[in-house]
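Notes to accompany the following structure.
The values are calculated or read from the model by the stated rules, or taken from the named source; none is laboratory data. Note that the structure is a prediction, hence the values are computed from the model and not measured. Note that each Cβ is placed from the backbone with ideal geometry, even for glycine, and that neighbours are counted across all protein chains shown. Side chains are part of the model used for accessible areas, which takes the heavy atoms of the whole protein and leaves out ligands, DNA and RNA. Shrake-Rupley method; radii C 1.70, N 1.55, O 1.52, S 1.80 Å.
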Amino acid sequence: IAGDPALNMVYLPTSSASPDYYGGLRPGDNRHANSTVALDAATGKLVWARQLIHHDIWDYDTPAQPPLVDITRGGRRIPALVQPTKQGYVFVLDRRTGAPLFPIDEVPVPQGGVPGEWLSPTQPRPRLPKPIVPQSITPDQAWGFTPWDRGKCRDLIARYRSEGLFTPITTRGTITYPAASGGANWGGGAIDPVRQIFYVNSSRVASVIKLRPRKPGGSGTVQLSAHEDVSPMAGTPYDVKREWLLSPLGAPCTPPPWGGLTAIDLRSGRILWDVPLGTINDRLPIPLPVDINLGTPNIGGPVATGGGVLFIAATMDRNLRAIDMRSGKLLWQDRLPGGSQTTPMSYVTGGRQFVVVSSGQHMWFQTPRSDELIAYALPAK
């Protein structure tokens with residue numbers, strides 16, 4: 001939740017409706033799911049709401065709190081909020097009213113779901129900023145380290161339904177790109193309030209989601225691993241299977257970078273820079289002396305500082321990075337003892353500025369486990 005004491009309002013990013021992948025039991029737009037919702041902080045009364053997906057069946061819940069920033073337009077300051085999303089859109093709204101600062105269009109989306117499903121004919125799409133991640137994949141765009149695994153990926157993509165963002169989930173199997181892990185995810189983004197720039201990291205990999213008719217007397221238990229999961233959807237005709245879209249070598253079938261960091265000018269909606277985030281060196285069978293910066297999926301957000309340095313962990317490679325906020329250039333990095341799927345924090349005490357990050361583990365990334373807090377600071381003067 002984000003809060004504005006001056007306006008006496010709080011802003012909630014809301015989840016998708018349940019069950020995630022079949023909506024036949026919940027026809028309609030399912031308001032106010034998949035929304036940014038503004039409430040009166042004193043009473044809890046609804047002030048405004050902006051739905052970002054109608055009738056979600058892709059698990060694209062609104063993943064993180066919207067940071068607040070004042071944006072200069074035509075010589076006046078507009079109190080705004082910035083809502084990142086899993087599907088790769090960034091919505092910039094007036095936080096007083098929910099009105100968009102850049103136009104939002106209702107665009108037609110693919111139809112033809114499973115029997116009994118209800119689908120929205122359109123979905124919201126902001127004209128600016130442009131999506132921070134790719135949103136479609138065709139067999140000709142398959143990627144691989146070699147012609148052999150690229151061919152295997154091409155065959156995989158051709159096997160499943162893949163008509164771009166918001167392709168309905170079916171028993172044939174649907175490619176969701178980005179996956180339900182994002183695009184942007186739980187870590188959210190960071191703001192430079194002086195330059196009015198938004199920084200957000202994103203994952204850029206695809207998954208395959210398939211509905212499976214439920215067997216009478218099924219176990220109703222979740223089967224979960226680092227590569228796939230099968231989950232029951234109680235009360236529906238289906239279970240759901242989710243797995244990453246990977247080549248036989250274990251690499252994503254989508255083109256790199258597989259993770260990125262983006263800077264967006266909130267006054268113009270223009271993307272200032274976009275750089276890969278993460279190295280795949282830990283995943284290679286033979287250690288290499290230089291980083292292979294193809295980006296990695298990531299979970300955890302950035303922290304921006306007044307000194308123009310952005311700190312971010314989040315990646316599969318266990319590194320905490322310092323990034324030049326003006327250019328996206330890597331300034332420094334250090335290896336953490338375990339997983340880095342978290343957001344750093346920064347504070348000043350005794351005249352020194354510290355950056356602190358927790359090191360743990362996320363099952364998806366299979367990094368070494370840790371339970372340490374790591375603190376960094378420049379040497380004392």
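Cα-Cα pairs above 23 Å in segment 1-126: how many percent? Display every interim value, and only then the final one.
On the way: 2659 of 7875 pairs.
Tail fraction, whole percent: 34.
Suppose the chain between Trp332 and Ala234 were pulled fully straight at 0.36 nm per residue; how much longer would it get relative to their current alpha carbon spacing?
Values: separation 98, 0.36 × 98 = 35.28 nm, distance 4.83 nm.
Full extension from Trp332 to Ala234 adds 30.5 nm.
Can you find, among Gly338, Gly235, Val194, the residue sitting farthest towards the positive end of the charge dipole of the chain, where Lys and Arg contribute +1 and Asp and Glu -1 at Cβ?
Toward the positive end, the furthest listed residue is Val194.
Around Pro337, what is the net charge, scoring Lys/Arg as +1 and Asp/Glu as -1 over all other residues with Cβ under 12 Å from its Cβ?
0
Hey, can you grab everything whose amide H is under 5 Å from the amide H of Trp58? Only 5+ residues off in sequence or another chain; H modelled, so Pro and N-termini drop out.
Long-range HN contacts for Trp58: none found.
Find the centroid of the Cα atoms in segment 1-67 and in segment 105-168, then give the distance between the two in whole Å.
With segment 1-67 and segment 105-168 each reduced to a Cα centre, they are spaced 24 Å.
Checking the table Lys130/Lys210; Lys86/Lys329; Lys130/Lys329; Lys329/Lys381; Lys45/Lys210 against a 31 Å threshold on Cα-Cα, which pairs fail?
Numbers: Lys130/Lys210 29 Å; Lys86/Lys329 25 Å; Lys130/Lys329 22 Å; Lys329/Lys381 27 Å; Lys45/Lys210 39 Å.
Those over the limit are Lys45/Lys210.
Treating only the Cβ atoms of Lys and Arg (+1) and Asp and Glu (-1) as charged, compute the dipole magnitude of segment 289-381 about its Cα centre; round to the nearest 20 debye.
On the way: 8 positive and 6 negative charges, 47 e Å.
That gives segment 289-381 a dipole magnitude of about 220 debye.
Using the Karplus curve 6.51 cos²θ - 1.76 cosθ + 1.60 with θ = phi - 60°, what ³J(HN,Hα) values do you get for each residue of segment 75-87, in whole Hz, with x for Gly and Pro?
Values per residue, Gly and Pro as x: x, 10, 9, 10, x, 10, 9, 10, 10, x, 9, 5, 6 Hz.
Once you treat every alpha carbon in segment 257-381 as an equal point and sum by Debye, what is log10 I(q)/I(0) at q = 0.14, 0.18 Å⁻¹?
Scattering profile of segment 257-381, log10 relative to I(0): -0.63, -0.99.
Please state the relative contact order of segment 1-55 as a whole percent: Cα pairs under 8 Å, 6+ residues apart?
Relative contact order here is 34 percent.
If I take every Cα pair under 8 Å that is 6 or more residues apart in the chain, average their sequence separation and divide by the length, what percent do I get for the relative contact order? It would help to have the intermediate numbers written out before the result.
Details: 1024 pairs, mean separation 40.7, N = 381.
Here the relative contact order equals 11 percent.
Dipole size in debye (nearest 20) for segment 62-153 around its Cα centre, Lys and Arg Cβ +1, Asp and Glu Cβ -1? If you can, show how the numbers build up before the last one.
Numbers: 11 positive and 7 negative charges, 89 e Å.
My answer is approximately 420 debye.
Each residue of segment 320-329 in order: what ³J(HN,Hα) in whole Hz does its phi give by Karplus 6.51 cos²θ - 1.76 cosθ + 1.60, θ = phi - 60°, with x for Gly and Pro?
Here the 3J(HN,Hα) series is 8, 10, 10, 10, 5, 5, 7, 10, x, 6 Hz.
Between Ile292 and Ala158, what is the FRET efficiency for a Förster distance of 41 Å, r being their Cβ-Cβ separation, to the nearest 0.05? Don't skip to the end; give the middle numbers.
On the way: r = 28 Å, r/R0 = 0.68.
After rounding, the FRET efficiency stands at 0.90.
Given charges of +1 on the Cβ of Lys and Arg and -1 on the Cβ of Asp and Glu, with all other atoms neutral, how large is the dipole of segment 132-209 about its Cα centre, in debye to the nearest 20? List each step's numbers first, then the result.
Numbers: 8 positive and 5 negative charges, 32 e Å.
Magnitude of the dipole: close to 160 debye.
Using the Cα atoms of segment 7-61 to build a convex hull, what is its mean projected area in square nanometres? Each step should come with its number before you reach the end.
Working: hull surface 14.9 nm².
Spelled out: convex hull of the Cα atoms, projected over all directions, averaged, 3.7 nm².
How much of the accessible area of the chain, in percent, comes from carbon and sulfur atoms when a 1.4 Å probe is used? Display every interim value, and only then the final one.
Values: 9110 of 16690 Å².
Result for the chain: 55 percent of the exposed heavy-atom area is carbon or sulfur.
Return the FRET efficiency for the residue pair Lys381, Thr97: r is the Cβ-Cβ distance, R0 is 51 Å, and the value is rounded to the nearest 0.05. Walk me through the intermediate numbers first.
Working: r = 47 Å, r/R0 = 0.93.
With a Förster radius of 51 Å, E is 0.60.
Pick out which of Thr85, Thr236, Thr343 has the largest mean-square fluctuation in a Gaussian network model of the chain, springs linking Cα atoms closer than 10 Å.
It is Thr236.
Highest mean first, what order results for 319-329, 359-369 on Cβ atoms within 10 Å? Could you put the intermediate results ahead of the total?
Details: 319-329: 18.5, 359-369: 16.5.
Result, highest mean Cβ count within 10 Å first: 319-329, 359-369.
Calculate for the chain the 222 nm mean residue ellipticity that helices alone would give, adding -39,500 (n - 2.57) per DSSP H run of length 4 or more and normalising by residue count, nearest 500 deg cm²/dmol. List each step's numbers first, then the result.
Values: 1 runs with 13 residues, N = 381.
Helix-only estimate at 222 nm: -1000 deg cm²/dmol.
In percent, what relative contact order does segment 259-358 have, based on Cα pairs under 8 Å that are 6 or more apart in sequence? Provide the component values of the computation, followed by the final result.
Values: 211 pairs, mean separation 19.7, N = 100.
It comes to 20 percent, rounded to a whole number.
How long are the semi-axes of the ellipsoid equivalent to the chain, from square roots of 5 times the Cα gyration tensor eigenvalues, in whole Å, largest first? Intermediate values should be presented prior to the final figure.
Working: eigenvalues 209, 162, 74 Å².
So the three semi-axes of the chain are 32, 28, 19 Å.
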